[in-house]
Amino acid sequence: MPLSMVNPGQDAILNAINWGPKLKKKLQDMGLTRGVKINVISNNTNGAFIVNVRGSRLVLGGVVTQQIMVDIA
């Protein structure tokens, strides 16, 4: 399922990033690697997501979260 479908407060495990190599590398450099636990802090209706990854908060756009495939933890 895409990260965009995960509700605030839920945890998810990253499965894959379905994007081009440049953005995929950038997200991996930010800590979004296969198997990492992601906690969704905020799922704003305008598309901005705030997630907690490895103790850091990241803000991701809605289009990006649609390309990050996760499993519910």
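Quick notes on this structure:
- Residues (in contact (Cβ under 8 Å) with a residue 12 or more places away in the chain and farther than 13 Å from residue 72 by Cβ) located in segment 2-24: 4, 8, 16, 17, 18, 19, 23
- Restricting segment 33-47 to residues that are in contact (Cβ under 8 Å) with a residue 24 or more places away in the chain and out of contact with any helix residue (DSSP H, G or I) (no Cβ under 9 Å at 6 or more places or on another chain), the residue that is nearest to residue 13 (Cα to Cα) is 37.
- Top-ranked residue in segment 10-35 [being open to solvent by 60 Å² or more (accessible area, probe 1.4 Å) and either among the hydrophobic types (A, V, I, L, M, F, W, C) or not in a helix (DSSP H, G or I) (or both); ranked as nearest to residue 70 (Cα to Cα)]: 34
- Top-ranked residue of segment 38-48 - restricted to ones that are of a type in the set (A, V, I, L, M, F, W, C) and open to solvent by less than 50 Å² (accessible area, probe 1.4 Å), ranked as farthest from residue 72 (Cα to Cα): 48
- Residue identified as in contact with a helix residue (DSSP H, G or I) (Cβ under 6 Å, 6 or more places away or on another chain) and of a type in the set (Val, Ile, Thr) among 17, 50: 17
- Filtered by the rule that a residue be of a type in the set (A, V, I, L, M, F, W, C) and either open to solvent by 70 Å² or more (accessible area, probe 1.4 Å) or more than 11 Å from the chain's Cα centre (by Cα) (or both), segment 49-63 gives 59, 63.
- Residues satisfying the stated conditions in segment 29-73, i.e. among the hydroxyl-bearing types (Ser, Thr, Tyr) and touching a strand residue (DSSP E or B) at 6+ places or on another chain (Cβ under 8 Å): 33, 42, 65
The values are calculated or read from the model by the stated rules, or taken from the named source; none is laboratory data. Quick caveat, the model's predicted, so the values are computed rather than measured. Neighbour counts are summed over all protein chains in view; Cβ atoms, including those assigned to glycine, are modelled from backbone coordinates with ideal geometry. Side chains included, ligands, DNA and RNA excluded: accessible areas come from the protein's heavy atoms. Shrake-Rupley method; radii C 1.70, N 1.55, O 1.52, S 1.80 Å.
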